[in-house]
Amino acid sequence: MRFQDKVAIVTGGASGIGLATAKRLGSEGARLVLVGRAQDKLDQAAEQCRAAGAPAVWGSVCDVADEAQVAAAVRGTLERFGRLDVVVNNAGVMQFKPLEEQTGADWQHVLGVDLLGTFFFIKEAFLHMKPGGTIVNVSSIHAVETSPLVASYAAAKAAVNSLTRSASLEGKPKGIRVNAVLPGAIDTPMLWDNPNVKSGVEKIDPADVGRPEDVAATIAYLASDDAAFVQGAAVRVDGGRLSQL
């Protein structure tokens, strides 16, 4: 029970990688805060987490791109559970447009969720976590190798990698570890709803498609004391897909 008596926030925790991660952390003893946009989906996810063994779960409706809402979610966590030990920055959005059709508002939306949302939770963690806390940012292999039509997403995830490095440097003196995972093709709606995949522009070999639980296992490792000497890492969880691109 690596997370016994610990409290973990998981953003985008109602589905996909976020839900798989919450269930994994909860099964190992963590009390959970699931962050998402819709209360009904958070309630359904909370039931799944309890069934997986989580001792306590709270669903916090929060737009991660809104700094005040992020601060409120963290305050609520501390009021309910009295501590914060783990933050998993998983919430993300993706859009598909040629560059010449994109607008500043398009970029602000993606960067607001994927990059600023990560920053806001890191900031709050640095303000409230005690030594021994951990942060895991969910980036993407698109930060390293990408495909057409997803420039804002790829740029945001590349920035998340850079933010992870910077936060790891500033977190070390505080006793807070910060790392990132880079998922590849994972069996989630974000993959199968991808217009590039549907059109065949981005070809997916079934052998290269992982499960949300594969990413969750790596996140749980990085968030645990098993990874006590891992700081500022960007860990690929892609079944070797990036090596083929």
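The values are calculated or read from the model by the stated rules, or taken from the named source; none is laboratory data. Here the structure is a predicted model, which is why all the values come from computation and not from measurement. A quick note on method: Cβ atoms are made from the backbone with ideal geometry, for glycine too, and the neighbour counts reach across all protein chains shown.
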| message | Just to be sure I understand, how many residues within the stretch 131-187 are in a loop (DSSP other than H, G, I, E, B), at pLDDT below 95 and touching a Pro at 6+ places or on another chain (Cβ under 8 Å)? | response | 3
| Subset of the stretch 84-110 [in a helix (DSSP H, G or I) and either in contact with a strand residue (DSSP E or B) (Cβ under 6 Å, 6 or more places away or on another chain) or buried (at least 18 other Cβ atoms within 10 Å of the Cβ) (or both)] | VAL110
| remark: (1) in contact (Cβ under 8 Å) with a residue 12 or more places away in the chain; (2) of a type in the set (S, T, N, Q); (3) surrounded by fewer than 19 Cβ atoms within 10 Å (Cβ to Cβ); (4) closer than 30 Å to ALA151 by Cβ all hold for GLN4 apart from (4)
| Matching residues, the stretch 7-35, being crowded, with 24+ Cβ neighbours inside 10 Å and closer than 17 Å to VAL93 by Cβ | VAL10, THR11, GLY12, GLY13, ALA14, ILE17, GLY18, LEU19, VAL35
| message | Which count do you get for residues in the stretch 34-63 that are over 20 Å from LYS6 (Cβ atoms) and not hydrophobic (A, V, I, L, M, F, W, C)? | response | 9
| Qualifying positions in the stretch 65-124 - in contact (Cβ under 8 Å) with a residue 60 or more places away in the chain and basic (Lys, Arg) | ARG83
| Considering only residues of the stretch 36-60 that are closer than 19 Å to GLY117 by Cβ and basic (Lys, Arg), which is surrounded by the fewest Cβ atoms within 10 Å (Cβ to Cβ)? | ARG37
